[in-house]
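Here's the structure we're looking at; comments come further down.
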Amino acid sequence: MPGRLLSLVRPAPASSPPLDQLKGQKKHSDIPPLFPPVYSVERPSQKNKSQESLVMEAFKRHGLGGRQNSFKKSPKASPKAEPQPAAILNMVVESPPLVFFNSPQTSTGAIISGLLNLEVHEPNVTLEKMEMRLLAVVTTKKPVHQHCPDCTSQTTEIHKWEFLRGAVQLHFGQHSFPFSHLIPGHLPATTHGQITTLDYYLDAVGTLSNGKKLEYKRALDIKRSIVPGPDKHSIRIFPPTNLTASVKLPPVVHPIGDFGVEMRLSGVTQTKDDSQSRWRLRKLNWRIEETQKSISPACPKHANKVGGEGKGILHDDTRTIASEEVKTGWKTDFTEGNIDCEFRARCNIAHNPLCDMDSQSGMSVRHNLVIEMVVAEEWAPLKKLSQATPTGAARVLRTQFHLVLTERSGMGISWDEEQPPLYEDVPASPPTYIGDYDGPPLHDEHDELHLGP
Ligand SMILES: [Zn+2]
């Protein structure tokens, strides 16, 4: 979509460095911006707070507010009593959906760009300040201290825009403040875990000369998509038997849609002088396990509950997000000693599977495919191989494989691959030949050609 790309190269507002500069910075220093737990957001002063504003703050801290307008629905505020505000903030996001391509180590990030719009309803207003922050908010449902907002939620400022250098007078009508930022690709994607959630917000605040604040808040859904590489081949052995399972899995799988698993169980037949013993596959099950880990940090006030500052409580929870018994579809070849099976597996979307993630805050999500097989032993004389008798011996073979669960890349391409080629990328034209010609001028060549003596 080249048309949309134009918006990405708009000059960034005052506080945003140009994109190429950002990209350069990333290469120069390997120090990623600190991501939780570094709190650089100014806490509003606690003095002279009305009950209502405290309620609103609690909403903000819990990330429940969504759009700013919903904050006005506090129990004490009567909608009829609200006078027409002097101005309203709104936003148009112009950049494509925010997707980090590939792993946190290699992702080049995603660009957000858009317009912060201020609709002025009065003939004139004086705007003293206009700021916007990109915030990461980590919220836990199991805080160290119940109902403590500081234990429940931690906010990190990822970026800040300051749109004004001084007060400006704005007339009736709409005024736009363009913004853009390259959100670093090492940040974890938006994740709503069972216990801990990670959300991103754009939080804009305009301050009028009469002290009134205009606020706007918008949640950003940041996704990660690991671009698939080659299929993954893994081998598992099951001592003391001679059984070996070799499994082929796709490099990445997705929350929606199924994927194929190919497995060969070899070493199923053992032949002796006059008899054969062999394993027959009786049962085959698979399941996908999701392990969510997170740390509930303690605020300085409640640090004594966990044995000091900088400590927290680790939550580690594994749940099954899909399982099935494979009833048919395997082929047994006792001559070769192999059992081949192929089946299709998928996440159960009713369980809201999460994508893999890993955050410096201690939050992580990982997946495993667990395959469980029941094999029963049979014995047959070599002369009558078709007349096998179960020996009564049986084994459960259990093995697991790491699955990378990630968003589909869809039509998406990384922002840096969308850019028009740079001049250095264009090959020199016409191509040059390797090695220099040291001979006489070429136009004389035909004169000097002659037959050998
Ligand atoms: Zn606390």
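Summary table
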quantity	calculated
Accessible-area composition of the stretch 313-374, carbon plus sulfur, in percent [1.4 Å probe]	44 percent
Surface accessible to a 1.4 Å probe, per residue, for the residues of the stretch 232-403, Å²	54 Å²
In order through the stretch 210-218: 3J(HN,Hα) via Karplus (6.51 cos²θ - 1.76 cosθ + 1.60), integer Hz, x for Gly, Pro	7, x, 5, 10, 9, 10, 8, 9, 9
Volume of the Cα convex hull of the stretch 232-403, divided per residue and given in Å³	147 Å³
Whole-percent carbon and sulfur share, accessible surface of the stretch 176-220, 1.4 Å	50 percent
Out-of-range pairs (alpha-carbon distance over 28 Å; input LYS141/LYS311; LYS142/LYS223; LYS223/LYS293; LYS141/LYS223; LYS223/LYS305)	LYS223/LYS305
Label-to-label distance, nm, for residues given as GLU325 and ALA376 (7 Å Cα→Cβ offset)	1.3 nm
Within the stretch 357-408, trypsin sites (Lys or Arg not before Pro) in DSSP loop having at most 13 other beta-carbon neighbours inside 10 Å	none
Descending semi-axes in whole angstrom, ellipsoid equivalent of the stretch 102-209, from the Cα gyration tensor	33, 20, 10
Chain lengthening between LEU385 and GLU342 when straightened (0.36 nm per residue, less Cα-Cα)	12.9 nm
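The values are calculated or read from the model by the stated rules, or taken from the named source; none is laboratory data. A quick note: this is a predicted structure, and the numbers were derived from the prediction, not measured. All Cβ positions, even for glycine, are placed from backbone atoms using ideal geometry, and neighbour counts span all protein chains on display. Surface accessibility is based on the protein's heavy atoms, side chains included, excluding ligands, DNA and RNA. Shrake-Rupley method; radii C 1.70, N 1.55, O 1.52, S 1.80 Å.
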